[in-house]
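Working notes, structure below.
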Amino acid sequence: MSAWMTRLTDRADDRQLVRPMAMSERWGILRGRAPMIVRLALGTSLAWLVATELIGHVQPFFAPVAAALTIAAGLGQRRSVVVELVVGVSVGILAGEVLITWMGRGAWQIAVVVALAVSVASLLGLKGMALMQSATSAILIAAVLPAAATGNPAVARFLDALVGGVIGLAMTAIVPTNPLRDLDREIQSVLGGLASILDQVAESMRLRDAGVAWTALQETRALQPTLEGLASTSASATEVSRISPLRWSQREHVRLYTSTVHDIDNAVRDARVLARRVTSMLRHGEDPPDGMDDAVAALADAVRIFGGDLQEYERFDEAKDKLVAAARSATEALSGSGTLNASAVVAQIRSLAADLLFASGWSAADVDSWLQLDD
């Protein structure tokens, strides 16, 4: 029962951290989406133009629709998922047109069309959004769109979807986002939040105030959606740097950024455990060992330096020195009579330092040598 109540409390705390966005933030979001808006506008228009002028289709509704779906799916999706989406739309269209031509439109016809479309898509190995698009495309054909006036309607719709999908893929290469800017913006957001959390944990130990550490714990939990968005942006940035000639020069720098994402995620998880342990230690009236707050403050400084070094392309020496110093000073601060909570705090400081050292390019052997960690 207590665990259940804790989860409810955590969710309520996370909701309290959500705040309305200011208009300046909304404009910032709009500016960030400008390349996507351009891709959508140009891609859908070009898909319609190609389908009508080059292929000669009278009402190529699915060409711009498929282009829009492909471009939107490309935001944070891998190229294989985009291809699957195009195939899913095409399967739904083909199944819908073939059956509706034979059976007409109606309630039971929709059931048959959807069942066939999803069955074929499943046999082709489609899943998630691609599977659902096969169903919705079949429904649209069966319930809304009339058959094409000339030619084979199934082939016409199928070709429209393929045209739109190919153009959508092309637009992600011709009008790409800036993968470095996108990655840096999200990584700096995570690192800025992590540094602020560590500052609060250090302050809580100086003040002997469990409430400050508890607030830091809630803020660490609230970082999870940002971390999930960072993982999605990392996958998208990698794809853009590979398929867009305009971004090929950034591939190595993108690789550097993306190689840090997993370790940054681990560091945030370590910070969450650290905040929880410090909260427990202070709530039970235990005094943190002398110098422990300085070690955590040094971690916060190292995180800020690490973020700046990441922008400057891998000059991590100062950040590495601070991380090693923080881990060692935390260990030295723990006396032989240290409590269980104090020992756990030291362990988390060392783990967090290790994860950031991994992110800066150190190997496991290097970290073991300097920190003498087991993993």
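For an R0 of 25 angstrom, estimate the FRET efficiency from the Cβ-Cβ distance between residue 108 and residue 55 and round to the nearest 0.05. Provide the component values of the computation, followed by the final result.
Working: r = 33 Å, r/R0 = 1.32.
The formula returns an efficiency of 0.15 here.
Rounded to the nearest 0.05, what FRET efficiency do residue 242 and residue 30 give with R0 = 30 Å and r taken as the Cβ-Cβ distance? Could you check? Spell out each step's value before the answer.
Values: r = 27 Å, r/R0 = 0.91.
For residue 242 and residue 30, the calculated efficiency is 0.65.
Centre-to-centre, using Cα atoms only, the stretch 252-273 and the stretch 107-138 are separated by 38 Å.
How much FRET efficiency would the formula 1/(1 + (r/R0)^6) give for residue 83 and residue 366, where r is the Cβ-Cβ distance and R0 is 35 Å, rounded to 0.05? Provide the component values of the computation, followed by the final result.
On the way: r = 40 Å, r/R0 = 1.14.
Efficiency, from the Cβ-Cβ distance: 0.30.
Extension gain for the segment residue 136 to residue 321, taken as residue separation times 0.36 nm less the Cα-Cα distance, is 61.0 nm to one decimal. Note on residue 287 and residue 235: their simple-model spin labels are 5.1 nm apart, each label 7 Å out from Cα toward Cβ.
The distance separating the Cα centre of the stretch 153-189 from that of the stretch 226-244 comes to 13 Å.
Rank these for me by crowding, 136, 101, going from fewest to most other beta carbons within 10 Å. If you can, show how the numbers build up before the last one.
Details: 136 15, 101 12.
So the residues, fewest neighbours to most, are 101, 136.
Distance between the 7 Å Cα→Cβ label points at residue 189 and residue 249: 2.8 nm. Cβ crowding within 10 Å, taken as a proxy for footprinting-reagent exposure, orders 322, 127 from fewest neighbours to most as 127, 322.
With the charge dipole of the stretch 179-371 set up from +1 on Lys and Arg Cβ and -1 on Asp and Glu Cβ about the Cα centre, the Cα lying farthest toward the positive end among the listed residues 307, 344, 183 is that of 183.
Among 61, 306, rank each residue by its count of other Cβ atoms within 10 Å, from fewest to most, as a rough exposure measure.
Numbers: 61 19, 306 26.
Fewest-to-most ranking of 61, 306: 61, 306.
Coordinate-derived values only; no laboratory data. Here the structure is a predicted model, which means the values were calculated and not measured. Every residue, glycine among them, receives a Cβ derived from its backbone with ideal geometry; neighbour counts consider all protein chains shown.
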